[in-house]
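Trainee: Sharing a structure, written as structure tokens. Questions coming.
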Amino acid sequence: MTSLATLPGFLAYLATGILLLTAAMAIYIRVTPYNEITLIRANNVGAAVTLGGAMIGFCMPIASAFAHSINIVDAAVWSLVALAVQIACFFAVSKLLGDSRAAIERGEVAGAILKASVSVSVGLLNAACLST
């Protein structure tokens, strides 16, 4: 069956993508001033929105890197660049909003939506830039 001939490559890229996403989210959670997972377990909507936006914003560049890179190592390197960009965006928006830590910890949603929107927007731009 020739349609399954590329299955090993698919599985390698899928596993690498999941590993990169998991590692990126672990790093992201460590560099943010609050623990999103703890807050989400406490039903904090603001933390869930922020982390969800960051996850989507990081996934798009991974997908673009996989689609446009010459091999899996090249894609992984560009994915790490995308992570650095996403973390820089988090801190830029945090600086713009002032003390957003307390707002996120209180579960406020307005700042979280802005952070998530910036993460997704920058993720889209990042993904597009990886295709050039």
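What follows draws every value from the coordinates through simple rules; no lab data is involved. These numbers were taken from a predicted model, which means no experiment stands behind them. Reconstructed Cβ throughout: ideal geometry from the backbone, glycine too, with neighbour counts over all protein chains shown.
Trainee: So for each of 4-12, 38-46 I average, over its residues, the number of other beta carbons within 10 Å; can you give me the resulting order with the highest mean first?
Mentor: 38-46, 4-12
Trainee: Could you list the square roots of 5 times each eigenvalue of the Cα gyration tensor of the chain, that is, the equivalent ellipsoid semi-axes, sorted largest first and rounded to whole Å?
Mentor: Values: eigenvalues 187, 49, 25 Å².
One finds semi-axes of 31, 16, 11 Å for the chain.
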